[in-house]
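Heads up, the thing below is written out as structure tokens.
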Amino acid sequence: MSKRVYHRWTDKETRLLYQAVLDSNRNWRAVEKMFPQFSLLQLQNKFTMIEKQYVINASMRVQKQQEASTLQSEDTLQALIRILESGNLVNNE
């Protein structure tokens, strides 16, 4: 039985893999030659994890932007309600 060897990917290796996959148009044999220390399956699994993480991060950014926009809209609405309730409408005509 072979012993599993775990490898902690560095940020640099992760970026290089991602770029290699994109540059090679997902030609996994070409990518495998660039990373001889990893099996084809390891490379494909790592790339899949990179893509999933990218989607999660992008989704979180969109959600934060939507929340910020909602908060800004609510702040604007609250300010308008305060103005209307105070009766301090100024007519600049």
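Taken together, the values in this text are just the output of simple stated rules run on the coordinates, not laboratory data. None of the values given here were measured: they were computed from a predicted structure. Counting neighbours? That spans all protein chains shown, and the Cβs are built from the backbone with ideal geometry, glycine included.
Points worth noting:
- Output for the range 19-36, where each listed residue is assigned to a helix (DSSP H, G or I), closer than 20 Å to TYR54 by Cβ and of a type outside the set (A, V, I, L, M): GLN19, ASP23, TRP28
- Of all residues in the range 24-54, those that are among the charged types (D, E, K, R), surrounded by fewer than 15 Cβ atoms within 10 Å (Cβ to Cβ) and touching a helix residue (DSSP H, G or I) at 6+ places or on another chain (Cβ under 9 Å) total 3.
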